[in-house]
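Worksheet: one structure, shown below.
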Amino acid sequence: MPRSLEIFGDGRVYEIKDDLAVKVTETKGQVKALIDALKFSVAKTYNIHPSDEQPPDVAERRGSKHINGEGFKLLTTFEGCELTAYDDGGGVWTIGYGHTGNDVFPGLTISQTQAEELLRLDLEKFESFVEDAVEVQINDNQFSALVCFCFNVGPGGFGSSTLLRLLNQGNYQGAANQFPVWNKVNGAPWLGLTRRRLAERSLFLGKPWQSFLTYEGTGEELTGETIAEVPRMKLTEPMMQGEDVRRVQKALKAAGVNIEPDGFFGNDTDKAVRQFQQQKGLEADGVVGAQTRKELGL
């Protein structure tokens, strides 16, 4: 029986399956909480009940899964972590591994341990969504790889993906080969995402994933799928942006170059790359290619 979301007068959103409430979300009248309840649900329909109608009892949820140690290590390796709160560019204050909320404000600083604790809390809704969306048997490594993927592309991306469709058809290898297809930002492939997708694929297949931290290819030789070539990073119009750029900027700063990581490959980053290349005796062309990445330790 398909799931549905039922909104009651107590401000909670109940997810119903087989006439039982299997999940409840406390919204306290907040729009963001309601949006999250809709976003992190596999339900296809929802109903609003009269304010005086009694909400259902919630069935105890059994067998809930959590990301394993290898999955958590993979995720934290590829996700950027900031221990000081920053504006994400849209006025949303963010800290740690992308944590947002009323507990994040300008000037807030946390420890690495606190960042990981916040991440584990934030992962719970992704773990729940993956568990609900997958209709076939999967092992801990497969589940953890899917949580890493879902955390990065979002529940909407994962829920509508060919990867999930193939997996629910029992085509495990076909699903595995869909990971590296998701290696693009604004339509252009990124090396960092290619590496991450191939690492997730390896974890899904129960294989070591660490070798992909320094991988330079596209993944075609591993999957047999046609995957867009990864471009070199450089100043473009519009500017390249994202976690790949931020990682390069952090490496430049660690190498002693005066630059603040903001995730945008603008004129300041172009100058910083040229300065670093000149210091290392490389061609100072501002292009972050294989040799420059090697010197940066990326």
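The values are calculated or read from the model by the stated rules, or taken from the named source; none is laboratory data. Small disclaimer: the values here were computed from a predicted structure and weren't measured. All Cβ positions, glycine included, derive from the backbone under ideal geometry; neighbour counts span all protein chains shown.
If only residues of the stretch 62-105 that are among the acidic types (Asp, Glu) and either at pLDDT 90 or above or touching a strand residue (DSSP E or B) at 6+ places or on another chain (Cβ under 8 Å) (or both) are counted, the one that is farthest from Thr214 (Cα to Cα) is Asp87. Set side by side, the residues Gln241, Gln249 differ, and just one is closer than 23 Å to Asp87 by Cβ, at pLDDT below 85 and within 25 Å of the chain's Cα centre (by Cα), which is Gln241.
Tell me whether the stretch 218-238 contains one or more residues that are closer than 30 Å to Gln178 by Cβ, modelled with pLDDT of 85 or more and not in a helix (DSSP H, G or I). Even if it seems obvious, please write down each step before you answer.
From the stretch 218-238, those closer than 30 Å to Gln178 by Cβ are 218-234, 236, 238; that's our starting set.
Retained after the next criterion (residues that are modelled with pLDDT of 85 or more): none.
Looking for residues that are closer than 30 Å to Gln178 by Cβ, modelled with pLDDT of 85 or more and not in a helix (DSSP H, G or I), one finds none in the stretch 218-238, hence no.
Here is the figure for the stretch 266-284: residues that are closer than 11 Å to Glu295 by Cβ and basic (Lys, Arg) total 1.
On inspection, Glu79 passes the criterion of being under 27 Å from Ser202 (Cβ atoms) and surrounded by 16 or more Cβ atoms within 10 Å (Cβ to Cβ). In the stretch 261-291, the qualifying residues are those that are small (Gly, Ala, Ser) and over 24 Å from Val185 (Cα atoms), and the one that is surrounded by the fewest Cβ atoms within 10 Å (Cβ to Cβ) is Gly281.
Listed by first and then second residue, the pairs with beta-carbon distance under 6 Å, at least 6 apart or on different chains, first residue in the stretch 173-193 and assigned by TED's automatic domain parsing to the domain that holds Ala145 and over 16 Å from Ser160 (Cβ atoms), second among the hydroxyl-bearing types (Ser, Thr, Tyr) and at pLDDT 80 or above, are Asn183/Thr194. For Pro106, the criteria (1) in contact (Cβ under 8 Å) with a residue 24 or more places away in the chain; (2) not in a helix (DSSP H, G or I) hold in every case but one, which is (1). Taken together, the residues in the stretch 274-294 that are assigned to a helix (DSSP H, G or I) and within 27 Å of the chain's Cα centre (by Cα) amount to 4. Looking across the stretch 141-161, the residues that are out of contact with any helix residue (DSSP H, G or I) (no Cβ under 6 Å at 6 or more places or on another chain) and at pLDDT below 95 come down to Asn152, Val153, Gly154, Gly156, Gly157, Ser160, Ser161.
Would you check if Ala145 is over 26 Å from Lys207 (Cα atoms) and either surrounded by 17 or more Cβ atoms within 10 Å (Cβ to Cβ) or more than 17 Å from the chain's Cα centre (by Cα) (or both)? The answer is no for Ala145. Tell me which of these Gly174 doesn't satisfy, since it passes every other one: (1) surrounded by 18 or more Cβ atoms within 10 Å (Cβ to Cβ); (2) assigned to a helix (DSSP H, G or I); (3) at pLDDT 90 or above. Exception for Gly174: condition (1). Residues that are part of a strand (DSSP E or B), over 25 Å from Glu135 (Cα atoms) and either acidic (Asp, Glu) or at pLDDT below 70 (or both) within the stretch 12-45 comprise just one, Glu26.
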